[in-house]
Each structure stands twice: as C-alpha cells, then as structure tokens.
1. Provide the buried accessible surface between chains B and A in square angstrom, both chains summed, 1.4 Å probe, rounded to the nearest 100.
2. Using only the alpha-carbon atoms, what does the range A:190-348 span along each of its principal axes? Please give whole angstrom values in decreasing order.
3. Within the accessible area of chain A, what % is carbon and sulfur when the probe is 1.4 Å and the other protein chains stay in place?
4. Please compute the contact order of the range A:234-342 in relative form: average sequence separation of alpha-carbon pairs under 8 Å and at least six residues apart, divided by the residue count, as a percent.
5. With a ≥ b ≥ c taken as the square roots of the eigenvalues of the C-alpha gyration tensor of the range A:54-137, please select rounded if a/c is under 1.5 and otherwise prolate if a/b is larger than b/c or oblate if it is not?
6. Springs between alpha-carbon atoms under 10 Å, Gaussian network over chain A: tell me which of A:N348, A:N125, A:N102 tops the mean-square fluctuations.
7. For chain A, what's the relative contact order in percent, using C-alpha pairs closer than 8 Å and at least 6 residues apart?
8. Could you compute how fast the range A:209-257 diffuses translationally, taking Rh as the Kirkwood radius over C-alpha pairs and applying Stokes-Einstein at 20 °C with viscosity 1.002 mPa s? Give it in µm² per second.
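The values are calculated or read from the model by the stated rules, or taken from the named source; none is laboratory data. Bear in mind the structure is a predicted one, so any value in this text is a computation, not a measurement. Counting neighbours? That spans all protein chains shown, and the Cβs are built from the backbone with ideal geometry, glycine included. Keep in mind that these areas ignore ligands, DNA and RNA; they rest on the heavy atoms of the full protein, side chains included. Shrake-Rupley method; radii C 1.70, N 1.55, O 1.52, S 1.80 Å.
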Amino acid sequence: MSKRTVFYDKHIQLGARMVEFGGWDMPVQYTSIIEEHKTVRNSVGVFDVSHMGQIFVSGKQAVDFLQSIVPQDIAKLKPSKAVYCQLPKADGCLVDDLIIYNLSENSYLVIANAANIQKDFDWLNTNVKNFDVKLENMSNEYSMLALQGPAAYKVLEKLGLVQKQQPHFFTIKEFNINGISGYISRTGYTGEDGFEFIIKNEYALKLWDMLFKEGEQFSIKPIGLGARDTLRLEAALMLYGNDLTECTTPVEAGLKWSIPVDKVPEYNGKKIILEQIENGVSKKLIGFVMTDRAIPRHEYEIYYNGHKTGVVTSGGYSPTLDKNIGMGYVDTKDNITLDETIEIMVRNKLYKAKVVKRPFVAKKYKIS
Amino acid sequence: MIVPEGILCSKSHEYLLEESETQFVIGLTDYAVEQLGDIVFVELPEEGTEFSKGEVFATVESVKAASEIYMPVGGKIIEVNEKIVESPEILNESPFEEGWLVKIESADAHAESGDLLEYLDYKEELE
C-alpha cells in the first residue's frame with residue numbers, strides 16, 4: 001500500500017483527488033489544476049511535499065564525504081546556504097538530483113526525491129567508505145510544506161516572521177513560531193518566490209492550520225501535484241524520472257551552470273562530466289513551444305528535417321502562456337538551434353514546434 | 001446541470017442521445033469530464049468519416065493526460081462541435097448541452113446500444 005503523509009486526512013477533507021506518486025498517496029488536485037496553478041502564480045499556495053526525503057549528514061568528514069559524491073563544491077557552501085546538486089554514478093549518469101543545505105559546521109541536510117529516498121540512502125551508505133560521517137534517513141520523522149507565490153512572504157509576516165527574519169533566497173534557518181519549531185528555507189520548485197518548511201511530524205498539522213488561517217486574506221489555497229508539475233515545467237525545472245534518469249548526465253540535461261569546473265576534489269563521474277563539458281555531448285535537452293495544435297507528452301518522439309532526433313521528457317499545457325510546451329533530448333549532431341522548427345509525433349502524426357529558451361516563464365525569485 | 005432525458009451511457013463514459021430515428025449526439029458524461037479535470041484540448045474527426053462501435057473517434061486531453069474516446073455505437077459523423085475545439089473548457093462546464101462532441105447518422109444504433117446503460121443505472125454502477 002502507498003504511504004501516507006500526516007496531511008492525508010486534510011487532503012481527503014478538502015476533497016482532493018488522490019494518486020500514487022513515488023510510492024506515496026498524494027493529492028493531484030483539490031479543485032482544478034489550472035486554478036491551483038494560477039493561485040501560485042498570482043497569490044500563494046501550500047503544497048504537501050512530505051513525500052520528499054530528509055537525509056542528515058553529519059560528522060568530522062561530512063564535507064569531504066559530500067565532496068566525493070556530488071559535482072558541486074560543498075566546501076564553498078557556507079552555513080545556512082543551499083545548493084542544487086546531482087548525484088552521479090561513475091559513468092556520470094544520475095542516481096537523483098538533490099538540494100543540499102549546510103545547517104551548521106559539519107551538519108548537512110540532503111533533500112531527496114520521493115521515489116528515490118531508499119535508493120539515495122543506500123547510495124550514500126555505499127559511498128561512505130572510510131569517511132567519518134553519520135548518515136540518518138529521517139524521512140519518516142519529518143514533514144515538509146512548501147509555501148509558494150508572490151504573497152508567500154506576506155503570510156510569513158502575518159505569522160510573526162517579519163521580512164528581516166525571513167531566510168534569503170536559497171538559504172535555510174531555524175524558526176520557532178507559537179511553539180512550532182523546525183527549519184524554513186527560501187526554496188521551492190515553482191519558479192516563484194517562496195519557502196519550504198521542514199518540520200517534525202508532530203508540528204505539521206498545526207503549521208498547516210496556521211498557514212491557512214494567516215493566508216486567508218491572500219486567498220491561500222492547497223495545491224496538488226498536478227499544478228506542481230505544470231509550475232515546474234513552465235520554470236523548466238527538472239523532474240527526476242522524466243528529464244533526469246539513470247541514463248542522463250547533468251551536462252546532457254543542460255545543468256552545466258550548476259557544475260564548477262575548478263572543483264579540486266574527486267567525485268563520482270568527474271572524469272566523464274568534465275570531459276563532456278570540454279568536448280560536448282551526443283544528446284542535449286531543449287525546450288519547445290508547439291506552433292501546431294497538439295500537446296506534447298512524456299516519451300513522444302521528436303523529429304527534425306524528417307528524421308527522428310530524440311524524445312520528449314516533459315510536456316503539457318502551460319496555463320500561464322496558454323500554449324503547449326515541452327522539453328526533450330535531441331541528437332546534438334542535428335545542431336538544432338533556437339527558433340528552429342522541430343516536429344513532435346502525436347498519435348502517428350507530426351506537429352510543428354519551435355525551439356525556445358528555457359525557462360518558458362521567467363522565474364520571480366527574490367534574490368536579494 | 002440538466003441531464004437530458006433518455007440518454008444512454010457506455011462503460012467508457014460516452015453518452016448517446018437520440019435526436020431522431022437515425023441521428024444521435026455523442027458526448028462525454030458529467031462523471032467523465034469531472035474525472036478528467038481541466039480539459040485543454042479536443043481532437044475531433046472529419047465530417048463524413050465512418051466508425052464502428054468501439055472505435056476511437058476523438059481524443060480529449062486534460063492537463064494531466066490524453067484520453068481516447070470510443071464510439072458507443074457505429075455510425076457516420078455528420079457534424080462536429082467546432083466550439084469545443086476552440087474552447088475545450090466548455091466540456092467541463094456543460095458536458096450535456098454546449099459540450100457535445102459529434103452528431104452521427106446511424107442505422108444500427110438501436111441494434112448496437114444493448115450494452116449501454118440508462119443514466120441512473122450508469123450512475124449506480126459508478127458507486
């Protein structure tokens with residue numbers, strides 16, 4: 001049976017339609033995906049993201065250990081900072097993508113994708129070797145809520161966390177509001193400004209109620225996984241299992257920006273990843289907007305000049321643009337450039353699309 | 001929402017409404033459109049095309065997924081609802097009135113509709 005988050009009864013009470021996702025019973029929508037999507041773009045919404053995993057890494061060699069498993073330079077990650085990471089194997093292909101937070105000296109929090117929690121934890125344990133570190137999978141003890149949208153910071157203000165006390169973009173801090181304590185970070189997966197709460201299960205329901213009470217004047221709404229997917233797609237954020245798999249490297253996925261080429265310590269897949277940055281890759285991720293009437297979907301084929309060049313990894317309707325958009329991998333040899341026309345095979349017919357820059361919708365992070 | 005009298009529903013959630021002895025309207029039931037969620041794309045067949053009972057004649061896509069729509073009885077397409085191609089959300093708003101899919105001409109409809117259910121029986125089956 002699928003696992004349930006502590007919010008399960010809330011979702012049912014709110015009339016959510018539940019689906020299985022990554023081994024969890026999660027709300028896909030409460031009222032309408034489009035309406036929920038627009039709520040996050042225009043005001044503020046709350047997502048139950050408790051299905052995501054929390055792995056704590058601590059000990060004298062926590063930095064050295066993390067340095068050995070991700071391409072990112074964890075030695076440069078200051079306390080309270082967060083970084084988007086990948087978890088490559090020796091061949092450069094990905095076990096998962098992660099957010100790593102530096103909680104304090106020698107203490108890190110790794111956020112793993114729901115379906116990969118055990119796989120990641122096993123992978124970390126396999127790689128621990130002689131490093132003096134402690135690995136704790138606390139996913140079952142922690143819940144997680146994402147508060148996302150332009151009014152998110154206002155809800156926090158009403159909760160008593162004035163702007164000065166709110167974490168800056170991609171940082172994390174401890175909080176204590178009305179006896180509820182935990183971590184709050186300024187991160188999310190929607191392309192909007194927003195926060196994520198990482199809290200012990202015992203506080204979770206109380207925090208949910210507080211957010212909805214204080215958020216009422218901003219028309220706060222619960223948001224399901226359906227809108228989470230359309231929001232992250234517009235922001236061109238990767239979905240592990242679709243855009244990233246055990247057959248893709250971060251360079252192929254266009255994540256070169258996240259990889260420092262001057263990082264000194266060795267890490268899994270370093271040789272191949274650096275070689276790909278230097279010499280290029282055989283397939284690469286592109287974004288496209290349909291110009292013909294059709295919706296691109298995961299696993300549809302991509303054609304260029306009459307031949308198959310790749311496959312769609314994520315696609316769908318964009319509520320913000322009112323257009324159909326997608327991402328997929330194409331053969332680098334075809335040298336497909338921005339504004340060029342490609343075609344997507346939908347139900348045995350080809351439909352035209354134009355290659356565009358990612359993200360599809362500009363991100364609205366509050367950087368300073 | 002008014003459910004038209006005399007509609008017959010298939011297990012795959014299409015409805016059939018008799019307009020005359022040989023002409024029928026086909027659409028999706030209120031249950032179907034609610035389950036699909038926000039409908040954002042509709043692909044309808046060309047007028048004049050003939051389909052047998054059970055054949056796929058249209059595709060309806062929600063934000064989440066594409067769904068194939070099957071003929072509840074065989075027949076020839078005589079009219080398609082262009083309005084829903086332009087504004088697919090009409091299917092969610094008015095599945096039985098504004099949001100019909102196609103009209104067909106069918107000599108076999110009565111012979112082929114044996115497995116279709118009256119609306120109340122269809123609703124009961126869903127529970």
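1. Roughly 1400 Å².
2. 55, 49, 23
3. Here it works out to 50 percent.
4. Details: 153 pairs, mean separation 27.6, N = 109.
Relative contact order, the range A:234-342: 25 percent.
5. It is rounded, given that a/c, with a ≥ b ≥ c, falls under 1.5.
6. Result for chain A, Cα springs under 10 Å: A:N348 fluctuates most.
7. Values: 832 pairs, mean separation 67.2, N = 368.
RCO, chain A: 18 percent.
8. Values: Rh = 13.4 Å.
In µm²/s, the coefficient rounds to 160.
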